[in-house]
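The values are calculated or read from the model by the stated rules, or taken from the named source; none is laboratory data. These numbers come from a predicted model, not from an experiment. In this analysis, Cβ positions are derived from the backbone assuming ideal geometry, glycine residues included, and neighbour counts consider all displayed protein chains. Side chains are part of the model used for accessible areas, which takes the heavy atoms of the whole protein and leaves out ligands, DNA and RNA. Shrake-Rupley method; radii C 1.70, N 1.55, O 1.52, S 1.80 Å.
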Amino acid sequence: MDRYISVIAHIFIFAYTVYSSMSTFVYLFIAGIILCQIRIYTRSLIAPMILHMFINTISVICLL
């Protein structure tokens, strides 16, 4: 199972290719692992989707 989580986390990284900082890719990898773990734990896509929307909302608020 851990191998699949790693593969999905790498796909999550490659979805965000606009970033150039290596630390950003590390954060994206960790976020991919967390979202995947939540998906496995809840057996639903709605929980990671809501968490992703929450993270995006916080990011936008911090930029203002």
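Things worth noting here:
Conditions (1) at pLDDT below 75; (2) open to solvent by 40 Å² or more (accessible area, probe 1.4 Å); (3) among the polar types (S, T, N, Q), marked per residue:
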{"position": "VAL7", "(1), (2), (3)": "no, yes, no"}
{"position": "HIS10", "(1), (2), (3)": "no, yes, no"}
{"position": "THR17", "(1), (2), (3)": "yes, yes, yes"}
{"position": "VAL26", "(1), (2), (3)": "no, yes, no"}
{"position": "GLN37", "(1), (2), (3)": "no, yes, yes"}
{"position": "TYR41", "(1), (2), (3)": "no, yes, no"}
{"position": "SER44", "(1), (2), (3)": "no, no, yes"}
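- ILE55 being over 13 Å from the mean Cα position of the chain (by Cα) and surrounded by 10 or more Cβ atoms within 10 Å (Cβ to Cβ): no
- Close pairs (8 angstrom Cβ cut-off, 6 or more residues apart or separate chains): of a type outside the set (A, V, I, L, M) in segment 13-41, modelled with pLDDT of 75 or more and outside any helix (DSSP H, G or I) anywhere: ARG39/LEU45
- For segment 17-64, a residue qualifies if it is closer than 20 Å to VAL7 by Cβ and in contact with a Lys or Arg (Cβ under 8 Å, 6 or more places away or on another chain), and the qualifying residues are LEU45, PRO48.
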